[in-house]
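Undergrad: One structure is given below, represented as C-alpha cells, and several questions about it will come after.
What follows is calculated from the coordinates using simple rules that are stated; it is not laboratory data. Given the structure is predicted, the values throughout are model-derived calculations rather than measurements. Here the Cβ is made from the backbone with ideal geometry for all residues, glycine too, and neighbour counts use every protein chain on show.
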Amino acid sequence: MKFIHEGFACDVDTFYHNQDIIIRFYDGTREQEESDIINLVFVDPGYGYLLIKNKGEHSALLSGFLDEDVFSTDEIVDAAISFIDNLSPNSKNKYMPYHIERFKKTSFVEYNGEY
C-alpha cells in the first residue's frame with residue numbers, strides 16, 4: 001500500500017488489533033529481504049507511525065510520531081491523518097482528539113549481530 005501526497009509517496013504497513021489500527025510509513029526499497037540479512041545490516045526505522053486506539057462506541061484517540069524531514073508541513077500531516085482515518089471503518093463519526101509529534105533524528109542505538 002502507498003501513501004501519496006502531492007509529490008511525495010512512501011510505502012505503508014498496516015497492523016490491526018481488534019478495532020485498533022497502526023500504520024508505519026517507510027521506503028520499501030530500503031528494506032532487506034531475509035536472504036539479505038547476513039553480517040552487517042542497517043535497519044531502516046522508516047518515517048514514523050500513527051495509531052488509532054478505539055476507546056468505546058463514540059470515541060477514539062489518534063497518536064503517533066512522524067519524521068519532520070518527511071512530514072514537514074501541517075498539510076502532509078493532515079494527509080497522513082486522513083489516510084489512517086480512511087483505513088479505519090470503526091473511527092467514522094467518532095470524537096477523535098489527536099497528538100502527533102514530529103521528531104528530528106539526532107542519534108541511534110543499533111545491534112547488527114557483529115558486536
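Undergrad: Quick check on the range 56-115: what are the equivalent-ellipsoid semi-axes from the Cα gyration tensor, as sqrt(5λ), descending, whole Å?
TA: Semi-axis lengths for the range 56-115 are 30, 16, 10 Å.
Undergrad: Normalised by the number of residues in the chain, what is the relative contact order in percent for Cα pairs under 8 Å and 6+ residues apart?
TA: Answer for the chain is 24 percent.
Undergrad: Follow-up. How far is it, in nm, from the label point at H99 to the one at R30 when both lie 7 Å from their Cα along the line to the Cβ?
TA: Each label point lies 7 Å from its Cα, and together they span 2.7 nm.
Undergrad: Of the options I38, H58, T73, report the single residue whose Cα projects farthest towards the positive end of the charge dipole of the range 17-73 (beta-carbon charges: Lys, Arg +1; Asp, Glu -1).
TA: My answer, from the dipole projection, is H58.
Undergrad: For helix 74-87, report the angle its Cα long axis makes with the longest principal axis of the Cα atoms of the chain; keep it between 0 and 90° and round to the nearest 10°.
TA: The two axes meet at around 80 degrees.
Undergrad: Could you give the length gained by full extension between L87 and D13, i.e. 0.36 nm per residue of separation minus their alpha carbon distance, to one decimal place?
TA: 25.5 nm
Undergrad: May I ask you to list the chymotrypsin sites (Phe, Trp or Tyr not before Pro) in the range 29-59 that are in a DSSP loop and have at most 11 other Cβ atoms within 10 Å of their Cβ?
TA: Answer by residue number: F42.
Undergrad: Another question, if that's okay. At I22 and T73, where each label point lies 7 Å from the Cα along Cα→Cβ, what is the point-to-point distance in nanometres?
TA: With each label point 7 Å from Cα toward Cβ, the separation is 3.0 nm.
Undergrad: Shifting gears a bit: Regarding the range 17-80, what's the average projected area of the Cα-atom convex hull, expressed in nm²?
TA: Spelled out: convex hull of the Cα atoms, projected over all directions, averaged, 6.2 nm².
Undergrad: Which value in deg cm²/dmol, rounded to the nearest 500, describes the helix-derived mean residue ellipticity at 222 nm for the chain, given -39,500 (n - 2.57) per DSSP H run of n ≥ 4 and division by the residue count?
TA: Value at 222 nm, helices only: -4000 deg cm²/dmol.
Undergrad: Let me ask you something else. Estimate the FRET efficiency between M1 and T106 by the formula 1/(1 + (r/R0)^6), using the beta-carbon distance for r and 41 Å for R0, to the nearest 0.05.
TA: 0.90
Undergrad: What do you get when you divide the Cα radius of gyration of the chain by 2.2 N^0.38 Å, with N the number of residues?
TA: Relative to the rule-of-thumb radius for its length, the chain sits at 1.19.
Undergrad: List the GluC sites (Glu not before Pro) within the range 1-42 that fall in a DSSP loop (any state other than H, G, I, E or B) and whose Cβ has at most 14 other Cβ atoms within 10 Å.
TA: In loop regions of the range 1-42 (DSSP not H, G, I, E or B), the sparsely surrounded GluC sites (Glu not before Pro) are E6, E31, E33.
Undergrad: Please state the charge dipole magnitude for the chain, taken about the Cα centre, from unit charges on C-beta atoms (+1 on K and R, -1 on D and E), reported in debye and rounded to the nearest 20.
TA: I would put it at about 600 debye.
Undergrad: Also: Suppose we keep just the DSSP beta bridges with both residues in the chain; what percent of those would be antiparallel, to 5?
TA: Around 75 percent of the beta bridges assigned by DSSP in the chain are antiparallel ones.
Undergrad: In a Gaussian network model over the chain where Cα atoms closer than 10 Å are linked, find which of G64, G56, G46 has the largest mean-square fluctuation.
TA: Judging by the Gaussian network model, the answer is G56.
Undergrad: Whole Å is fine, so just give me how far the alpha carbon centre of the range 1-24 lies from that of the range 33-97.
TA: Value for the Cα centre distance between the two parts: 6 Å.
Undergrad: Using 18 Å as the Cα-Cα cut-off, could you pick out the over-long pairs in K53/K94; K2/K55; K2/K53?
TA: The answer is K2/K55; K2/K53.
Undergrad: Moving to a separate point now. Go through the range 16-94 and name the trypsin sites (Lys or Arg not before Pro) that are in a DSSP coil and have 12 or fewer other Cβ atoms within 10 Å of their Cβ.
TA: K92
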